[in-house]
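**Q** First, the structure itself, so that you have it in front of you.
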Amino acid sequence: MTAKKNNNPLYGLKLDVLLTEISEHYGWELLSESLEINRFQFHTGMKSTVKFLRNNQWAKEKVENFYLYQYKNFPCPDDKQLSIAPRDRFIPAEQLAGEPVEITDDVILQIDRACRLRTYKAADKTQQAKKEPARSSEEPPYDPSNPWNK
């Protein structure tokens, strides 16, 4: 556990603390534009935003990537590390956090690249799961001509 704690700044960091740090530095409007998460544009409160992030893994990972590589300014990892969830990544001990970066178009493209790579890996797993035989607990597909499945 201590190795994981020492090698990942997200270890033990709650989402509300993470959001507070980045929102105080960048502001909700800039976060909305750079992360392309509409929820930040209409910020309704920390509790509801944290709930949204917990329910939407893609958004949570996007915010965590932003925190690590823009706010904490760690060097961007290779594709192999980017394909791992941010809280499970290994950050070498010699890499230290820097000053938060200014948001530019290049930074936004870098965030999108990191998130797309992770999304593609998740989509591959979903495709593999679809190749497996269907389980009886799955909901049948919706048929508009028969809305009550009779």
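Coordinate-derived values only; no laboratory data. Since the model is a prediction, treat every value here as computed from it, not as a measurement. Positions of Cβ are generated from backbone atoms using ideal geometry, with glycine treated the same way; all protein chains shown enter the neighbour counts.
**Q** Collect the residues in segment 92-115 that are surrounded by 12 or more Cβ atoms within 10 Å (Cβ to Cβ) and either in contact with a Gly (Cβ under 7 Å, 6 or more places away or on another chain) or in a helix (DSSP H, G or I) (or both), keeping them in residue-number order.
**A** Hits for segment 92-115 are Val107, Ile108, Gln110, Ile111, Asp112, Arg113, Ala114, Cys115.
**Q** Additional query: Within the set of pairs 6 or more residues apart or between chains, which connect a residue that is part of a loop (DSSP other than H, G, I, E, B) inside segment 65-91 to a residue that is of a type in the set (Val, Ile, Thr) with Cβ atoms less than 7 Å apart?
**A** Listed by first residue and then by second, the contacts come to Asn73/Val101; Phe74/Ile91.
Yes or no, residue by residue, for (1) β-branched (Val, Ile, Thr); (2) closer than 16 Å to Val101 by Cα; (3) surrounded by 14 or more Cβ atoms within 10 Å (Cβ to Cβ); (4) free of Cβ contacts under 8 Å to residues at least 40 places away in the same chain:
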| position | (1), (2), (3), (4) |
| --- | --- |
| Pro9 | no, no, yes, no |
| Lys14 | no, no, no, yes |
| Val17 | yes, no, no, yes |
| Ile22 | yes, yes, yes, no |
| Leu30 | no, yes, yes, no |
| His43 | no, no, yes, yes |
| Thr49 | yes, no, yes, yes |
| Phe52 | no, no, yes, yes |
| Lys60 | no, no, yes, no |
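**Q** For residues that are closer than 23 Å to Gln81 by Cα and over 11 Å from the mean Cα position of the chain (by Cα), tally how many sit in segment 20-67.
**A** 3
**Q** In addition: Which is polar (S, T, N, Q), part of a helix (DSSP H, G or I) and out of contact with any Pro (no Cβ under 7 Å at 6 or more places or on another chain), of Thr20, Thr44?
**A** Sole residue among the options that is polar (S, T, N, Q), part of a helix (DSSP H, G or I) and out of contact with any Pro (no Cβ under 7 Å at 6 or more places or on another chain): Thr20.
**Q** Give the residues of segment 47-64 that are in a helix (DSSP H, G or I), of a type in the set (S, T, N, Q) and closer than 18 Å to Asp88 by Cα, sorted by residue number.
**A** Matches in segment 47-64: Gln57 only.
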